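Please read the structure below before turning to the comments.
Nothing in this text is a laboratory measurement; each read-out follows from the coordinates by a stated rule. This structure is a prediction, so every number in the text was calculated from the model and none was measured. All Cβ positions, even for glycine, are placed from backbone atoms using ideal geometry, and neighbour counts span all protein chains on display.
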Amino acid sequence: MFIYYDSKTGNVQRFVDKVKKERPEWNYIKISEDTDIENEGHLITFTTKFGEVPEKTEKFMMRNNNKNYIKSVSSSGNMNWGTLFALAADKISEKYNVPVLMKFELSGTHPQVEYLINYIEKND
């Protein structure tokens, strides 16, 4: 299993670290603008500014055929932003036709980590 992720403030990194603790055998790749992938996997990112997709995540998705390997997208956010909460997941889903797996606040909770793991294991 491959998890591709982007983290700026550390919230997504902490979420991924929680997943990694439960599933250390999975592959975790922190993306960059020039990351090329060849394995299907799930993207975890964050929402920036006013409900925007991070620039690095956008460039990663647009690079070569990366978007064709992404099976789902999840995003962190802050519920204080109301309707803009974790909106990056919705925007990626709409633009690249990738289902939203989940949205989580900040670095997520243990039940959210379990939800992500269960979804991936049942749908892969």
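So which chymotrypsin sites (Phe, Trp or Tyr not before Pro) in region 25-124 are both in a DSSP loop and have at most 10 other Cβ atoms within 10 Å of their Cβ? The partial results should precede the final answer.
Numbers: sites: Trp26, Tyr28, Phe46, Phe50, Phe60, Tyr69, Trp81, Phe85, Tyr96, Phe104, Tyr115, Tyr119; in loops: Trp26, Phe50, Phe85.
Here the sparse-neighbourhood loop sites are Phe50.
In region 36-94, which GluC sites (Glu not before Pro) fall in coil by DSSP and have 14 or fewer other Cβ atoms within 10 Å? Write out the running numbers ahead of the final one.
Numbers: sites: Glu38, Glu40, Glu52, Glu55, Glu58, Glu94; in loops: Glu38, Glu40.
Here the GluC sites (Glu not before Pro) that fit, given the DSSP loop and packing criteria, are Glu38, Glu40.
Taking the Cα centre of region 2-122 as origin and charging only Cβ (+1 Lys, Arg; -1 Asp, Glu), how large is the dipole, in debye to the nearest 20? It would help to have the intermediate numbers written out before the result.
Details: 17 positive and 17 negative charges, 36 e Å.
Dipole size: approximately 180 debye.
Taking only Cα atoms and a 10 Å spring cutoff, compute GNM fluctuations for the chain and point out the largest among Ile29, Ile92, Ile44.
The residue that fluctuates most here is Ile29.
Cut-off under 20 Å on the C-alpha distance; same-chain residues fewer than 8 positions from Lys30 excluded. Which aspartates and glutamates are left, in chain and number order?
Qualifying aspartates and glutamates at Cα under 20 Å: Asp6, Asp17, Glu22, Glu38, Glu40, Glu52, Glu55, Glu58, Glu105.
Over 25 Å between C-alpha atoms is what I'm after, so list which of Lys21/Lys49; Lys56/Lys122; Lys8/Lys122; Lys8/Lys91; Lys59/Lys103; Lys56/Lys95 land there. Before the final figure, lay out the partial values.
Numbers: Lys21/Lys49 30 Å; Lys56/Lys122 29 Å; Lys8/Lys122 29 Å; Lys8/Lys91 18 Å; Lys59/Lys103 21 Å; Lys56/Lys95 16 Å.
Among Lys21/Lys49; Lys56/Lys122; Lys8/Lys122; Lys8/Lys91; Lys59/Lys103; Lys56/Lys95, the Cα-Cα distance tops 25 Å for Lys21/Lys49; Lys56/Lys122; Lys8/Lys122.
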